[in-house]
């Protein structure tokens with residue numbers, strides 16, 4: 001409590017001190033399922049224990065949360081919102097976010113430079129951790145560990161390959177990622193689409209659950225899959241491997257935002273500060289294999305290898321795209337995919 | 001008296017309000033959005049985008065091909081099944097068990113069902129394993145991600161609707177009519193085509209229309225079984241709403257689907273009426 | 001000449017024995033009724049003749065040919081169904097032309113014969129109508145036309161008049177009988193209505209519990225019933241116990257004998273009794289009048305008796321009065337043991 005008071009007196013927004021002292025609840029929007037459980041255990045609980053502020057969870061996926069934020073623009077109910085990369089930019093554009101003053105956060109110093117998202121000089125989001133779309137394969141059918149994305153076109157795996165469709169959040173960025181690997185460097189997508197047409201895929205998945213199902217039932221044996229999904233299968237004893245090929249992997253992150261018009265700005269800032277702590281990052285890495293967005297997190301080797309950058313990798317192996325550019329190309333890529341790939 | 005009448009009015013207004021709020025309003029919203037630009041101005045551009053593009057026609061044709069084939073297969077399989085349930089099964093417990101077995105698929109979740117399809121129809125699923133075990137094929141046959149796969153899934157889900165409507169019509173045919181036909185010298189086949197089938201035609205038609213409407217607008221089954229490699233109109237519309245966020249174009253796609261569907265059902269009804277009239281004239 | 005021979009036919013539904021060893025010969029041109037209460041087996045027998053049911057054992061011969069194994073469409077007979085069973089999706093003419101078409105007639109020929117048959121039942125003018133729009137009586141005639149159009153050897157009629165009202169039923173009885181005479185087709189007529197059977201039939205087969213109790217001309221069935229069941233089912237009866245010789249009345253034991261109510265007379269005193277008649281003292285319980293008929297209900301030696309007169313009840317006979325009930329012993333019919 002002393003530290004909190006100290007933090008609040010350090011706060012620039014002096015007028016909000018009172019509201020922080022009175023605020024006994026903080027409304028945080030995050031995902032359902034095991035992600036929600038992990039956020040609850042790793043961030044919300046320690047935060048509540050440290051501050052006495054009760055966290056009210058507002059469960060929903062990123063799109064739904066953004067819709068809520070827009071509805072509540074006049075009278076914000078949600079104080080802190082978790083949003084995926086991509087939606088985060090949309091939220092920023094629609095003006096429902098409040099800048100985060102990193103100076104007030106004790107743990108902000110440890111943030112990796114990539115993990116801070118700015119619009120102009122204002123920070124509108126900080127990363128809560130990374131996840132990637134790595135090369136996932138069936139270790140019984142694919143006996144040699146693949147080292148390159150070229151493996152997708154290996155004739156031995158014809159008909160048993162899976163890639164995400166544009167209906168999946170990874171679909172459009174994955175096309176752009178492949179264009180980085182196989183394109184001519186100009187942003188022209190023709191070579192990549194030509195390559196995709198050659199691909200004999202058994203499943204173009206809409207949901208990561210469908211991909212997990214297909215790997216589990218041996219319907220597909222190789223393809224890009226989220227590190228979280230892949231390691232869930234491996235941990236369940238499936239003969240599945242997950243690697244980061246030499247070309248790297250596309251990755252994105254879950255991000256935290258303070259909502260414009262929040263009535264508890266100090267508690268919101270403190271919540272984000274708690275999430276940036278080494279303990280929280282460790283906890284999330286262990287539970288969701290989320291790659292920490294802060295430096296100085298020591299993880300056991302067992303957890304280390306499940307991170308989005310793979311064993312011995314680092315955040316430099318991740319291709320993190322500017323979602324604004326991805327979103328700008330979404331309609332065209334989706335349309336082209338429909339015409340050339342999805343039939 | 002006045003009190004009871006106003007109560008009645010109030011009671012009647014409830015379903016009307018529910019119908020308006022949950023059916024007409026959303027439909028109106030979709031309709032209006034399909035005629036507007038992203039900025040909210042009136043336009044026919046959305047429909048131009050749909051109809052002047054051969055790709056969309058290709059999707060429309062695929063959609064209708066799958067729906068019409070599903071309907072035909074459901075009716076052709078459904079009629080004998082309904083016959084079995086209504087005419088052959090005498091033991092009521094067994095009939096009930098058959099009906100439950102028939103509608104059971106409707107109660108399973110999509111996830112369970114799609115997993116089941118992979119186990120059954122997949123690359124290394126039961127069907128392919130059996131065919132390979134029997135030495136009939138070398139490479140697995142592709143079911144998933146093909147129209148055949150979607151058809152199998154559709155028929156599986158929609159068959160109960162055909163069986164129940166046809167069975168209902170069949171149960172209402174007076175057995176004396178079939179006996180009269182036999183008595184007048186018709187063999188069983190002639191009796192079926194001259195008496196039973198015409199008398200159950202309304203059930204066949206109703207079942208067909210139900211199956212067709214559900215097949216043409218189906219999203220989940222084609223989405224799960226197409227493996228992302230076959231596209232039907234509902235998937236295209238859903239994609240506009242869920243990932244591209246173009247509600248205007250999505251609306252135009254939805255209304256196009258609705259109009260084509262109603263036109264085809266209207267045509268089928270008209271043709272069947274024409275058929276009945278011709279038969280009467282003969 | 002025997003057109004239909006039913007020989008030792010039995011049929012069971014599970015444990016229930018619907019027909020028990022039925023044998024029956026029917027002559028060409030005969031009008032025969034199968035009469036009995038519901039559940040007696042008359043409809044089952046008709047369906048076995050038509051071929052909708054197969055007999056458990058026994059044979060059906062038509063013109064000497066065993067048709068037991070033939071399906072209904074290959075038997076040379078036609079049926080008029082209880083609820084007419086007209087095809088609702090066809091016109092009257094199409095209904096009637098259905099039989100000739102199946103027999104291989106051209107459409108024109110079938111239509112011509114259909115009109116001819118409809119003419120016979122007086123409905124040719126309604127040929128293009130739908131049977132659904134017709135009255136019960138009209139539907140009945142269409143069903144009849146449809147059944148006779150192929151000129152079958154045998155026409156089976158399954159309670160065809162039961163859905164009609166009394167007036168129409170009486171008229172149709174006469175028409176049916178006339179039509180049968182004109183066509184010379186053998187009619188097998190199933191009914192539970194004894195009056196109908198009596199009015200139309202050459203012979204009546206009275207059935208009960210899957211057996212034929214008696215088969216005989218209508219008058220014989222009435223006057224000389226074989227069994228107590230027949231006596232009871234056909235008309236009304238007084239049952240008396242007699243000793244076989246001379247029909248002398250005894251109080252108990254002996255054999256059952258039937259005395260029809262019209263043969264029992266009521267006298268105010270024993271003096272009025274004609275000579276040779278038998279008598280017993282009785283008490284009048286009730287007197288009812290129906291039209292020109294009076295019914296006198298009596299108790300005599302613990303028995304209920306019923307006397308019928310077609311003339312007014314004589315003076316002095318009122319409810320409660322002690323009277324003499326008498327009859328001519330020749331009218332007393334002793335049932336077979």
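The values are calculated or read from the model by the stated rules, or taken from the named source; none is laboratory data. Everything numeric in this text was worked out from a predicted model, so none of it was measured. Virtual Cβ from ideal backbone geometry, glycine too; neighbours counted across all protein chains shown.
Checked against the criterion of being under 26 Å from the mean Cα position of the chain (by Cα), within 12 Å of another protein chain (Cβ to nearest Cβ) and either surrounded by fewer than 16 Cβ atoms within 10 Å (Cβ to Cβ) or assigned to a helix (DSSP H, G or I) (or both), the stretch B:84-93 contains not a single residue that satisfies it. If you go through the stretch C:300-319 and pick out every residue that is in a strand (DSSP E or B) and either at pLDDT 90 or above or under 29 Å from the mean Cα position of the chain (by Cα) (or both), you end up with 6. Selection over the stretch A:7-58 of residues that are loosely packed, with under 15 Cβ neighbours inside 10 Å, at pLDDT 80 or above and not in a helix (DSSP H, G or I) gives a count of 6.
Taking residue C:332, is it under 22 Å from residue C:223 (Cβ atoms) and either in contact (Cβ under 8 Å) with a residue 40 or more places away in the chain or surrounded by 15 or more Cβ atoms within 10 Å (Cβ to Cβ) (or both)? Spell out the reasoning first.
Numbers: under 22 Å from residue C:223 (Cβ atoms): yes; either in contact (Cβ under 8 Å) with a residue 40 or more places away in the chain or surrounded by 15 or more Cβ atoms within 10 Å (Cβ to Cβ) (or both): yes.
Spelling it out, residue C:332 is indeed under 22 Å from residue C:223 (Cβ atoms) and either in contact (Cβ under 8 Å) with a residue 40 or more places away in the chain or surrounded by 15 or more Cβ atoms within 10 Å (Cβ to Cβ) (or both).
Among the residues of the stretch B:220-239, the one identified as within 16 Å of the chain's Cα centre (by Cα), over 26 Å from residue B:123 (Cα atoms) and within 12 Å of chain A (Cβ to nearest Cβ) is B:233.
Checking the condition out of contact with any helix residue (DSSP H, G or I) (no Cβ under 6 Å at 6 or more places or on another chain) and away from chain A (no Cβ under 11 Å), which residue from B:242, B:181, B:213, B:217 passes?
Numbers: B:242 fails: away from chain A (no Cβ under 11 Å); B:181 fails: out of contact with any helix residue (DSSP H, G or I) (no Cβ under 6 Å at 6 or more places or on another chain); B:217 fails: out of contact with any helix residue (DSSP H, G or I) (no Cβ under 6 Å at 6 or more places or on another chain).
Only one candidate passes the filter, namely B:213.
Looking only at residues in the stretch A:169-187 that are out of contact with any helix residue (DSSP H, G or I) (no Cβ under 7 Å at 6 or more places or on another chain) and assigned to a loop (DSSP other than H, G, I, E, B), the one that is farthest from the other protein chains (Cβ to nearest Cβ) is A:185. Going through (1) surrounded by fewer than 19 Cβ atoms within 10 Å (Cβ to Cβ); (2) out of contact with any helix residue (DSSP H, G or I) (no Cβ under 8 Å at 6 or more places or on another chain) one by one, residue C:266 falls short only on (1).
Does residue B:11 satisfy the condition of being more than 25 Å from the chain's Cα centre (by Cα), assigned to a helix (DSSP H, G or I) and at pLDDT below 90? I'd like the intermediate steps shown before the answer.
Details: more than 25 Å from the chain's Cα centre (by Cα): yes; assigned to a helix (DSSP H, G or I): yes; at pLDDT below 90: yes.
When the stated conditions are applied, residue B:11 passes them.
Residue B:46 meets the conditions (1) under 16 Å from residue B:240 (Cα atoms); (2) free of Cβ contacts under 8 Å to residues at least 12 places away in the same chain in every case but one. The failed one is (2). Does the stretch C:33-51 contain at least one residue that is free of Cβ contacts under 8 Å to residues at least 60 places away in the same chain, in contact with a helix residue (DSSP H, G or I) (Cβ under 8 Å, 6 or more places away or on another chain), buried (at least 18 other Cβ atoms within 10 Å of the Cβ) and within 13 Å of another protein chain (Cβ to nearest Cβ)? Checked against the condition, which is being free of Cβ contacts under 8 Å to residues at least 60 places away in the same chain, in contact with a helix residue (DSSP H, G or I) (Cβ under 8 Å, 6 or more places away or on another chain), buried (at least 18 other Cβ atoms within 10 Å of the Cβ) and within 13 Å of another protein chain (Cβ to nearest Cβ), the stretch C:33-51 yields at least one hit.
Name the residue, out of A:206, A:190, that is more than 14 Å from chain B (Cβ to nearest Cβ) and under 16 Å from residue A:338 (Cα atoms). Steps first, please.
Working: A:206 fails: more than 14 Å from chain B (Cβ to nearest Cβ).
Sole residue among the options that is more than 14 Å from chain B (Cβ to nearest Cβ) and under 16 Å from residue A:338 (Cα atoms): A:190.
Of all the criteria given as (1) within 11 Å of chain A (Cβ to nearest Cβ); (2) over 20 Å from residue A:158 (Cβ atoms); (3) in contact (Cβ under 8 Å) with a residue 24 or more places away in the chain, the one not satisfied by residue B:121 is (2). For the stretch C:52-65, a residue qualifies if it is under 25 Å from the mean Cα position of the chain (by Cα), assigned to a loop (DSSP other than H, G, I, E, B) and more than 8 Å from chain B (Cβ to nearest Cβ), and the qualifying residues are C:53, C:54, C:55, C:63.
Among the residues of the stretch A:192-202, is any closer than 23 Å to residue A:33 by Cβ, at pLDDT 90 or above and in the same structural domain as residue A:238 (by TED's automatic domain parsing)? Checking the stretch A:192-202: not a single residue is closer than 23 Å to residue A:33 by Cβ, at pLDDT 90 or above and in the same structural domain as residue A:238 (by TED's automatic domain parsing). Filter the stretch A:209-237 for residues that are more than 10 Å from chain B (Cβ to nearest Cβ) and not in a helix (DSSP H, G or I); which is nearest to residue A:274 (Cα to Cα)? That would be A:226.
Just a yes or no: is a residue in the stretch C:199-208 surrounded by fewer than 20 Cβ atoms within 10 Å (Cβ to Cβ), assigned to a helix (DSSP H, G or I) and within 12 Å of the chain's Cα centre (by Cα)? The answer is yes, given that some residue of the stretch C:199-208 is surrounded by fewer than 20 Cβ atoms within 10 Å (Cβ to Cβ), assigned to a helix (DSSP H, G or I) and within 12 Å of the chain's Cα centre (by Cα). Checking the structure you have, find out if any residue of the stretch A:238-255 is modelled with pLDDT under 90, touching a helix residue (DSSP H, G or I) at 6+ places or on another chain (Cβ under 8 Å), surrounded by fewer than 21 Cβ atoms within 10 Å (Cβ to Cβ) and outside any strand (DSSP E or B). Checking the stretch A:238-255: not a single residue is modelled with pLDDT under 90, touching a helix residue (DSSP H, G or I) at 6+ places or on another chain (Cβ under 8 Å), surrounded by fewer than 21 Cβ atoms within 10 Å (Cβ to Cβ) and outside any strand (DSSP E or B).
Using the structure shown, decide if residue B:263 is modelled with pLDDT of 90 or more, surrounded by fewer than 18 Cβ atoms within 10 Å (Cβ to Cβ), away from chain A (no Cβ under 14 Å) and more than 25 Å from residue A:87 (Cα to Cα). Spelling it out, residue B:263 is indeed modelled with pLDDT of 90 or more, surrounded by fewer than 18 Cβ atoms within 10 Å (Cβ to Cβ), away from chain A (no Cβ under 14 Å) and more than 25 Å from residue A:87 (Cα to Cα). Scan the stretch B:94-116 residue by residue and report those that are surrounded by 15 or more Cβ atoms within 10 Å (Cβ to Cβ), within 19 Å of residue B:148 (Cα to Cα), touching a residue at least 60 places away in the same chain (Cβ under 8 Å) and in contact with a helix residue (DSSP H, G or I) (Cβ under 6 Å, 6 or more places away or on another chain). Residue satisfying the conditions is B:114 alone.
From the list A:129, A:95, pick out the single residue that is loosely packed, with under 15 Cβ neighbours inside 10 Å, touching a residue at least 60 places away in the same chain (Cβ under 8 Å) and at positive phi. Break it down into steps so the answer makes sense when it comes.
Values: A:129 fails: loosely packed, with under 15 Cβ neighbours inside 10 Å.
Of A:129, A:95, the one residue that is loosely packed, with under 15 Cβ neighbours inside 10 Å, touching a residue at least 60 places away in the same chain (Cβ under 8 Å) and at positive phi is A:95.
Would you check if residue B:201 is within 30 Å of residue A:330 (Cα to Cα) and either at the interface with another protein chain (Cβ under 8 Å from one of its Cβ atoms) or touching a helix residue (DSSP H, G or I) at 6+ places or on another chain (Cβ under 8 Å) (or both)? No.
Taking the stretch B:226-252 as the range and being touching a residue at least 24 places away in the same chain (Cβ under 8 Å) and at positive phi as the test, the residues that pass are B:227, B:228. Of all the criteria given as (1) surrounded by 21 or more Cβ atoms within 10 Å (Cβ to Cβ); (2) in contact with a helix residue (DSSP H, G or I) (Cβ under 6 Å, 6 or more places away or on another chain), the one not satisfied by residue B:123 is (2).
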